[in-house]
Amino acid sequence: MKIGNQESAKKGVFVECGIHAREWISPAFCQWFIAEAVKTYGKNKEMTKLLDSLIFHVLPVFNIDGYVWTWTSDRMWRKNRAPTPNDKCFGTDLNRNFNISWDGIYRDDEPCSGGYAGTAPESAPETQAVTRYIRDSLSSLKAYISFHSFSQLLLYPYGYTSEATPNHEKLEEMAKSALKALQSLYNTTYTYGPIYTTIYPVCGSSIDWTYDIGIKYSFVFELRDEGEYGFLLPEHDIEATCEETMLAVKSMANYLIDQDI
């Protein structure tokens, strides 16, 4: 879904949810974002400013068949449901399937594992569709924000190397401001930093790929909680998680506008 004032907004933000099937709070946030944007435009001053300045390209569920599978068959499923070279195992981890250090030393090439990277970069149809869309929209996209769970982290490139990005200080500044806004509502604390050193090394991730093709403000949230419930975040935590995350996203969007990025 594209949300924004197409007469005045020239820059875009891509919002990615549901790349890992079991992380239900991620699609829940995208749905929340869409509803809040539509309901409050023209009524809420800040939201109106954001949507007059930015087009939000919102992908509510990246991994559709995997997500359905978590509702019907296996709640803890992570990947998509595509066939693999092993006829007993299914699924590619879409967040390891992007064409960025795909064949690096951290690649998982075991088809039966949860992090299987696929037969080639962009081998999954879902990855192909998203990368095609991103390339077609690249001239206007200024930020890419991916939502996962869990651990309460806000991460930025790189995941495949310990090398800092050229605009590391700006990414750090943007993350710090976003988490200050997030914490202001329910005092939820997050940690921020590069993927590689803050959580673990990864190859083929969406935000490393988007960063290296030119979207220099690429981030990934690991939403609530810190492990008590993990992927099985209770229903009563959905609203609070979405409310505080919305504050963080608004902060990031305002940064893009105010810094004229």
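Numbers at a glance
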| quantity | calculated |
| --- | --- |
| Ala28 vs. criteria within 20 Å of Leu256 (Cα to Cα) and out of contact with any Pro (no Cβ under 9 Å at 6 or more places or on another chain) | no |
| From the options Ala9, Ala28, Ala21, residue that is in contact with a helix residue (DSSP H, G or I) (Cβ under 6 Å, 6 or more places away or on another chain) and either among the charged types (D, E, K, R) or more than 29 Å from Met76 (Cα to Cα) (or both) | Ala9 |
| Residues of the range 109-155 satisfying the condition of being among the aliphatic types (A, V, I, L, M) and part of a strand (DSSP E or B) | Leu141, Ala143, Ile145, Leu153, Leu154, Leu155 |
| Qualifying residue in the range 32-48 (condition: of a type outside the set (Asp, Glu), farther than 22 Å from Lys142 by Cβ and touching a His at 6+ places or on another chain (Cβ under 8 Å)) | no |
| Some residue of the range 174-184 being over 24 Å from Thr92 (Cα atoms), among the aliphatic types (A, V, I, L, M), touching a strand residue (DSSP E or B) at 6+ places or on another chain (Cβ under 9 Å) and part of a loop (DSSP other than H, G, I, E, B) | no |
| Test result for Glu36, under 18 Å from Thr127 (Cα atoms) and either touching a strand residue (DSSP E or B) at 6+ places or on another chain (Cβ under 6 Å) or not β-branched (Val, Ile, Thr) (or both) | no |
| From the options Asn97, Asn63, residue that is under 17 Å from the mean Cα position of the chain (by Cα), more than 16 Å from Arg22 (Cα to Cα) and not aromatic (Phe, Trp, Tyr) | Asn97 |
| Residue, modelled with the lowest pLDDT, within the range 74-124, restricted to residues that are closer than 21 Å to Ile195 by Cα and among the basic types (Lys, Arg) | Arg107 |
| For Leu153: the one exception among (1) aliphatic (A, V, I, L, M); (2) buried (at least 23 other Cβ atoms within 10 Å of the Cβ); (3) within 16 Å of Thr198 (Cβ to Cβ) | (2) |
| Meets criteria (closer than 27 Å to Gly4 by Cβ, under 13 Å from the mean Cα position of the chain (by Cα), among the hydroxyl-bearing types (Ser, Thr, Tyr) and at pLDDT 95 or above) for Tyr190 | no |
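Yes or no, residue by residue, for (1) surrounded by 15 or more Cβ atoms within 10 Å (Cβ to Cβ); (2) charged (D, E, K, R); (3) in contact with a helix residue (DSSP H, G or I) (Cβ under 9 Å, 6 or more places away or on another chain):
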position	(1), (2), (3)
Thr92	yes, no, yes
Gln128	no, no, no
Arg132	no, yes, no
Ser137	yes, no, no
Tyr144	yes, no, yes
His148	yes, no, yes
Tyr158	yes, no, yes
Ser162	no, no, yes
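The values are calculated or read from the model by the stated rules, or taken from the named source; none is laboratory data. Note that the coordinates shown come from a computational prediction; the quantities given were computed from them, not determined experimentally. Quick reminder, even Gly has a Cβ in these numbers, built from the backbone with ideal geometry, and neighbours come from all protein chains shown.
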